[in-house]
Every structure is written in C-alpha cells, then in structure tokens.
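Below is one structure, written out as structure tokens; comments come after it.
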C-alpha cells in the first residue's frame, strides 16, 4: 500500500523546512520500530507537505502509533492521484493541549519535544511494550518534555535546581488535573542523595474513573536537586528514555554553587549519573545550541560516559535555526 501523511504547516517560516527533516527522521525511526523499511518521499500539493511511502498494509494499532507523530494532521491511503483518508485516532491517553497551555519565555516547542520523545523511544526495545515507559528529563525546567511524555502514555520524572520553576510546573499540573476532573493523588516527599534530603512531589493519576478503580495509573515525579544526582534519585526505578534540551548559553550553574561551570565540564560531571539512571537498552536525546556547544563535543562527551551515539544517515542533518542566536541540533545515543 502507498500511504500519504499530511504535515502540520508550522507558523514559523524558518522552522518549516526543518520540520521536513526532523519529521522524516522521526517517521523513519517509528516505522523501523514496526519492522517497516520505507523510502519516505516529501510531496507538495499547493502549500501542503506530505510524507509518502509504500509498505505492507499497516494494522489499526500500528496506524494509531504512527498517529502520535509530532507533525501529522492527516493519514491517508494514496490511490493514484487520489487520497482516501484513514479513520485513525491517536493512542495518546491525555489531551494534546497539556504541553501547550503553560506559557513562558524560553519554552521549548512542544512539537519538537514530541519529535525527540518519539524518535528516542523508537530506538529502544521498550517502544511497544504494554507497560508505561519512564521518561527522564534531568533539566526539566517547567516541564514541557514531562507533559509531552505524559500525553503519550509514559510516566515522567523531572529534575531541576530551580525550585520556582518546579513549583510553577507542579501548581499548573495540579490545577490541570482538577479542572479535567481526573482522579489523582499528590504526595510530597524527600529522597536522600549525596547525604542531603532532596525534596520532591509525586502525582499519580488516571484519565478515567474506571482506570483509577482498576489501578491503571500514570505518574509524574519532580525532584528539586542537581541533575548529577539522577542515578541516586532513580535508583529504584530507572528510566527507559532520557531527553534534555540543554540551556542555550555557554555555562550552567550547578546546585549549591554561585559560580557557573562551562558546558564541557558540566556534561563530563552529569553524564555518568544520567547513564546510571537509565536501563540497559535505553536511549538518550540531547538538543543544544551549536553556536555555543558543538555537536562533536556533545557526541564525544556521551561516548566518554559510556553511551553509543546513533549515526544513521537520517540523524546527520537535523541542525536548524530557532532564533538569531540559536541554531539547534540533536544527538541520539543508546545505553548498551
């Protein structure tokens, strides 16, 4: 069969072209996780872009999985010059507005975040397991990546030194659950790490009363600590996927320090802990500003920490402009 997937027309003209490269990499990775090798072509009809490919007939659950792609708006079967729309509903358990609502300066594009999550998870053996995976963001800020992970049915763990940001994320999610009428519980706790008590907040919730009564739940956990403590904070439940959008400046201030450290030193300090917080077979996805941190340096730091970077052709041309002072790129890696 020939499938044609319509892409969302991104409002940012400069980012629009990048969506084709990022989305193609994402779709290739998702298809490969279904054991589908496809030659994806980009087709234009007027001002609308489509990904078109030929493959075996995909099952309804497989199409529902692909419907979670970060930029798809229509899935269709192509028959000659005609498109037959497919009635497909995403398997996402939560409304897609969750990562969009909380607005703040420096917020990472939720569609880009979803691309990181989908592509990274497709690189792991856990992508189609029935149990929820756990996604870790060790630099979570106000939680865009965490809320995106929850939308796709994952459990999410965030770590950040900025307690104000974490409180804003926590307060927002508490209001969201209440306004949506979702059954949930909230727990405050402290975890001992590096001889200190690290405060945290945990949400357990279900998207329906039936799921809650049956014990089918998801969780969001927020830790107010240095990300170098990740291995201690997740020692009981290691993660299946790590995503992090590195700050776009040239330095990062660790917890308890008034002095910033260069990103090279920061990565060398935290990456071993991040790797220890992940399960064997897990993946890590890092995005960064190439004007302040070179891709080769990020890849080298990951390799030095025991990660295996992914260098397939579709991952080699993902650099794109975000704003005048930010040219963003990505590195994908696995834990052996």
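Quick check on this structure: which one of 191, 201 is surrounded by 12 or more Cβ atoms within 10 Å (Cβ to Cβ), touching a helix residue (DSSP H, G or I) at 6+ places or on another chain (Cβ under 6 Å) and within 18 Å of residue 155 (Cα to Cα)?
Just one listed residue meets the conditions, 201.
Tell me whether segment 268-285 contains one or more residues that are outside any strand (DSSP E or B), more than 22 Å from residue 136 (Cα to Cα) and at pLDDT below 95.
No, segment 268-285 contains no residue that is outside any strand (DSSP E or B), more than 22 Å from residue 136 (Cα to Cα) and at pLDDT below 95.
In this structure, is residue 175 in a loop (DSSP other than H, G, I, E, B), out of contact with any strand residue (DSSP E or B) (no Cβ under 7 Å at 6 or more places or on another chain) and surrounded by fewer than 17 Cβ atoms within 10 Å (Cβ to Cβ)?
So residue 175 fails the test.
Tally time: how many residues in segment 105-141 are over 23 Å from residue 329 (Cβ atoms) and either in contact with a helix residue (DSSP H, G or I) (Cβ under 6 Å, 6 or more places away or on another chain) or free of Cβ contacts under 8 Å to residues at least 40 places away in the same chain (or both)?
Residues meeting the conditions: 4.
Determine whether residue 10 is in contact with a helix residue (DSSP H, G or I) (Cβ under 9 Å, 6 or more places away or on another chain) and either part of a loop (DSSP other than H, G, I, E, B) or not assigned by TED's automatic domain parsing to the domain that holds residue 127 (or both).
yes
Sort through 215, 153 and tell me the only one that's over 19 Å from residue 108 (Cα atoms), within 19 Å of the chain's Cα centre (by Cα) and surrounded by fewer than 18 Cβ atoms within 10 Å (Cβ to Cβ).
153 is the lone residue from the list that is over 19 Å from residue 108 (Cα atoms), within 19 Å of the chain's Cα centre (by Cα) and surrounded by fewer than 18 Cβ atoms within 10 Å (Cβ to Cβ).
Check whether at least one residue in segment 222-233 is farther than 25 Å from residue 260 by Cβ and in the same structural domain as residue 279 (by TED's automatic domain parsing), and report yes or no.
No; the residues of segment 222-233 include none that is farther than 25 Å from residue 260 by Cβ and in the same structural domain as residue 279 (by TED's automatic domain parsing).
Which number in (1) part of a strand (DSSP E or B); (2) at pLDDT below 95; (3) assigned by TED's automatic domain parsing to the domain that holds residue 318 marks the one condition that residue 158 misses?
Of (1) part of a strand (DSSP E or B); (2) at pLDDT below 95; (3) assigned by TED's automatic domain parsing to the domain that holds residue 318, only one is false for residue 158: (2).
Against the conditions (1) touching a helix residue (DSSP H, G or I) at 6+ places or on another chain (Cβ under 6 Å); (2) at pLDDT below 95; (3) surrounded by fewer than 16 Cβ atoms within 10 Å (Cβ to Cβ), where does residue 294 fall short? Just the number, please.
Result: residue 294 fails condition (1) only.
The values are calculated or read from the model by the stated rules, or taken from the named source; none is laboratory data. Here the structure is a predicted model, which means the values were calculated and not measured. Ideal geometry is used to build each Cβ from the backbone, glycine not excepted, and the neighbour counts take in all protein chains shown.
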